[in-house]
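Structure record follows, encoded as structure tokens.
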Amino acid sequence: MSILTKIRTLRHVRPAAEPDLPDVAHAVAIIMDGNARWARKRGLPIAAGHRAGTKALRRTVEAAIDLGVDSLAVYAFSTENWNRPPEEVELLMEIFTETIERELPDLVRQGVRTRFIGRRDRAPVPLKQRMAALEGETEGNRKLDLWIAFDYGGRAEIVDAANRAVAGGEEVDEGDLCGLPQCTRYARPGPADPDVGRIAGLQFPPVATRLCRAGLHRHALAGLRRGAASCRSRRLRQPQAPLRRSVVAPLVSRVLVTLVGLPLVLAIVWAGGWWLFALVGVAAILALHEYALMIRSLRPVILAAYAGALLSLLGAHLAGLEWTLAGFLTTMVFAFLLHWIATTRQSATVAIASTVLGAAWIGLCLAHVLLVRQIPTNGELATFTILLAVWAGDIGAFFAGRMIGRHKLAPALSPGKTWEGFLFGTAATIFVAFVALYKQDYLSIWQSIVLGAVIAVAAPLGDLFESALKRDMQVKDSGRLLAAHGGVLDRIDSLLFAVVASYYLLRAFNAA
């Protein structure tokens with residue numbers, strides 16, 4: 001067949017008609033469950049499962065829009081979830097906030113109207129603010145109604161409805177709870193459902209409505225004893241509030257760890273020698289252990305990281321900068337050899353790269369603490385200055401961010417950090433560096449100010465670097481060894497970048 005004949009044939013070809021969309025339910029409800037099981041099955045932390053759930057929610061919402069669903073309800077956080085470990089509850093609140101900030105606003109442009117149902121009184125203030133802001137921003141959208149159930153529970157809803165009925169002047173006793181359609185108008189607003197029967201003001205879920213109409217002769221809940229109602233009060237007892245993490249406890253923990261650890265670290269720095277080498281070596285091993293747990297899905301050859309980090313520290317302690325780098329470079333050789341004889345399923349590129357990163361970030365950076373301490377003159381003063389300046393910046397940023405922080409510094413990496421905290425921490429860092437080096441015949445005034453400014457920038461970058469890794473690995477803290485401070489890696493992340501930048505700046509000033 002000639003080309004001309006083919007072209008003439010194609011002119012008469014018509015594209016096949018697209019199939020009609022299948023008939024779908026107008027209202028769909030989904031219970032977001034199984035995130036922890038999903039994570040454990042894959043050897044990941046629970047946080048990874050919860051964040052994977054938010055990504056699945058996004059895909060579900062987009063599919064609902066494509067299929068023509070009118071109302072989508074997702075049950076995300078029940079009243080029973082408050083009984084989870086406090087660390088997991090805090091993580092879930094953070095994930096809720098992140099999801100509203102990063103995921104859901106993209107759906108606004110697609111016509112999604114978002115509503116939160118359930119309770120909000122126990123939610124953190126920033127989360128409540130973002131809930132209200134998202135509802136206001138999507139008020140005019142009509143393509144899909146997205147209902148997110150937060151702090152929901154059947155028992156709590158019935159209690160709230162009955163209490164509102166009592167407050168409205170209606171009598172409620174225990175015998176009426178399964179036949180009280182008039183109480184439904186006191187329930188909280190919920191998604192519309194065609195099965196409700198279009199009864200005006202009826203906002204109970206369809207299943208609850210049918211149960212109330214069923215006229216059960218026995219209690220629906222097994223083991224529930226019927227008792228006489230109290231004459232003292234006609235209001236139903238509120239469900240017991242879950243245990244909440246105290247705000248004071250983390251602060252007290254931080255203060256105690258600082259009061260014990262700060263004098264000990266400064267005393268060992270003053271002693272120097274093998275004492276300091278032992279301290280830095282223990283910190284490197286603990287930090288690498290936390291790093292290995294954090295990135296275990298990448299299958300790092302962690303023994304090679306331990307070897308490279310310790311050899312880097314030994315080279316810094318015995319021979320200086322050249323042997324420090326030589327010790328670190330052995331990491332690549334060990335990593336390749338160990339990966340060669342290992343049976344890991346991870347690719348060599350990923351496994352070796354993650355191993356070398358750990359040895360460089362932790363071992364090589366901590367080796368610079370030893371290099372600064374070995375400065376022939378004023379090595380103790382320089383090390384003290386760097387440590388105190390980093391700690392002052394961390395403390396200043398922490399308290400300023402909690403008290404006056406409003407503008408997010410890096411919301412995608414670390415939502416808790418603010419520009420106000422950064423500026424206050426920068427001022428504290430420069431002030432401490434200036435005071436520590438003032439009239440010490442070591443650095444001039446302008447050099448001490450520049451040193452403080454470099455530390456003020458490098459330390460938060462080190463903190464954000466760890467936050468980026470934790471974000472990729474879906475973990476909140478590297479460990480819990482230091483209580484509210486998190487793990488060792490959480491405590492030294494700012495120092496790792498700051499001490500390297502300070503050492504080479506001092507060399508530029510001919511002070512090292």
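The values are calculated or read from the model by the stated rules, or taken from the named source; none is laboratory data. Predicted, not measured: the structure shown is a model, and the values here were computed from it. Neighbour counts run over all protein chains shown; Cβ positions are idealised from the backbone, glycine included. When the accessible area is computed, the model is the full protein with side chains, heavy atoms only, and any ligands, DNA or RNA have been set aside. Shrake-Rupley method; radii C 1.70, N 1.55, O 1.52, S 1.80 Å.
Kindly evaluate Ser448 against the criterion of being open to solvent by less than 60 Å² (accessible area, probe 1.4 Å), touching a residue at least 12 places away in the same chain (Cβ under 8 Å), among the polar types (S, T, N, Q) and within 23 Å of Ser297 (Cα to Cα).
Working: open to solvent by less than 60 Å² (accessible area, probe 1.4 Å): yes; touching a residue at least 12 places away in the same chain (Cβ under 8 Å): yes; among the polar types (S, T, N, Q): yes; within 23 Å of Ser297 (Cα to Cα): no.
No: the conditions fail for Ser448.
Is the stretch 439-454 home to any residue that is out of contact with any Cys (no Cβ under 9 Å at 6 or more places or on another chain) and closer than 30 Å to Glu90 by Cβ? Don't jump to the end; show me each part of the working.
Quick first cut of the stretch 439-454, residues out of contact with any Cys (no Cβ under 9 Å at 6 or more places or on another chain) only: 439-454.
The next check asks that each one be closer than 30 Å to Glu90 by Cβ; those that pass are none.
Looking through the stretch 439-454, none of the residues is out of contact with any Cys (no Cβ under 9 Å at 6 or more places or on another chain) and closer than 30 Å to Glu90 by Cβ.
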>> Whether any residue in the stretch 75-86 is more than 28 Å from Met473 (Cβ to Cβ) and among the small types (Gly, Ala, Ser) is what I want to check.
In response: no
> In the stretch 66-101, which residues are more than 20 Å from Asp121 (Cα to Cα) and assigned to a loop (DSSP other than H, G, I, E, B)?
Replying inline: Gly68, Val69, Asp70
> Tell me, which residue of the stretch 352-387 that is open to solvent by 40 Å² or more (accessible area, probe 1.4 Å) and not in a helix (DSSP H, G or I) is modelled with the highest pLDDT?
Replying inline: Gln374
> If you go through the stretch 102-123, how many residues are in contact (Cβ under 8 Å) with a residue 60 or more places away in the chain and assigned to a strand (DSSP E or B)?
Replying inline: 3
>> Which condition from (1) modelled with pLDDT under 85; (2) in contact with a Gly (Cβ under 7 Å, 6 or more places away or on another chain) is the one that Leu144 breaks?
In response: (1)
>> Looking at the structure I just gave you, is Gly43 more than 28 Å from His26 (Cβ to Cβ) and in contact with a Phe, Trp or Tyr (Cβ under 8 Å, 6 or more places away or on another chain)?
In response: no
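Scan the stretch 417-459 for residues that are farther than 27 Å from His50 by Cβ and under 25 Å from the mean Cα position of the chain (by Cα) and jot them down.
Trp419, Glu420, Phe422, Leu423, Phe424, Gly425, Thr426, Ala456, Val457, Ala458, Ala459
Have a look at Glu157, Glu139, Glu101 and point out the one that is modelled with pLDDT under 70 and among the acidic types (Asp, Glu).
Working: Glu139 fails: modelled with pLDDT under 70; Glu101 fails: modelled with pLDDT under 70.
Glu157 is the lone residue from the list that is modelled with pLDDT under 70 and among the acidic types (Asp, Glu).
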> Do you know which residues across the stretch 395-407 are open to solvent by less than 40 Å² (accessible area, probe 1.4 Å) and assigned to a helix (DSSP H, G or I)?
Replying inline: Gly396, Ala397, Ala400, Gly401
>> So, in the stretch 296-326, exactly how many residues are in a helix (DSSP H, G or I) and open to solvent by 20 Å² or more (accessible area, probe 1.4 Å)?
In response: 17
> Could we say that Ala351 is out of contact with any Asp or Glu (no Cβ under 6 Å at 6 or more places or on another chain) and touching a residue at least 24 places away in the same chain (Cβ under 8 Å) here?
Replying inline: yes
> Within the stretch 439-485, which residues are charged (D, E, K, R), under 22 Å from Ala292 (Cα atoms) and not in a helix (DSSP H, G or I)?
Replying inline: Lys476, Asp477, Arg480
> What is the one condition in (1) closer than 20 Å to Glu466 by Cα; (2) over 28 Å from the mean Cα position of the chain (by Cα); (3) surrounded by fewer than 17 Cβ atoms within 10 Å (Cβ to Cβ) that Leu293 does not satisfy?
Replying inline: (2)
> Across the stretch 489-511, what is the total count of residues that are open to solvent by 50 Å² or more (accessible area, probe 1.4 Å) and of a type in the set (D, E, K, R)?
Replying inline: 2
> What pairs come up if the first residue lies in the stretch 268-279 and is within 19 Å of Ala309 (Cβ to Cβ) and modelled with pLDDT of 95 or more, the second is surrounded by 13 or more Cβ atoms within 10 Å (Cβ to Cβ) and charged (D, E, K, R), and their beta carbons are under 7 Å apart, counting only those six or more places apart or on different chains?
Replying inline: Leu276/Arg373
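Just to be sure, is Gly486 free of Cβ contacts under 8 Å to residues at least 24 places away in the same chain, open to solvent by less than 30 Å² (accessible area, probe 1.4 Å), under 24 Å from the mean Cα position of the chain (by Cα) and under 23 Å from Gly261 (Cβ atoms)? Break it down into steps so the answer makes sense when it comes.
On the way: free of Cβ contacts under 8 Å to residues at least 24 places away in the same chain: yes; open to solvent by less than 30 Å² (accessible area, probe 1.4 Å): yes; under 24 Å from the mean Cα position of the chain (by Cα): yes; under 23 Å from Gly261 (Cβ atoms): yes.
Spelling it out, Gly486 is indeed free of Cβ contacts under 8 Å to residues at least 24 places away in the same chain, open to solvent by less than 30 Å² (accessible area, probe 1.4 Å), under 24 Å from the mean Cα position of the chain (by Cα) and under 23 Å from Gly261 (Cβ atoms).
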> Of all residues in the stretch 70-97, how many are open to solvent by less than 60 Å² (accessible area, probe 1.4 Å), in contact with a helix residue (DSSP H, G or I) (Cβ under 8 Å, 6 or more places away or on another chain) and not aromatic (Phe, Trp, Tyr)?
Replying inline: 12
> Which of the residues spanning the stretch 33-65 are open to solvent by 30 Å² or more (accessible area, probe 1.4 Å) and not in a helix (DSSP H, G or I)?
Replying inline: Asp33, Arg42, Gly43, Leu44, Pro45
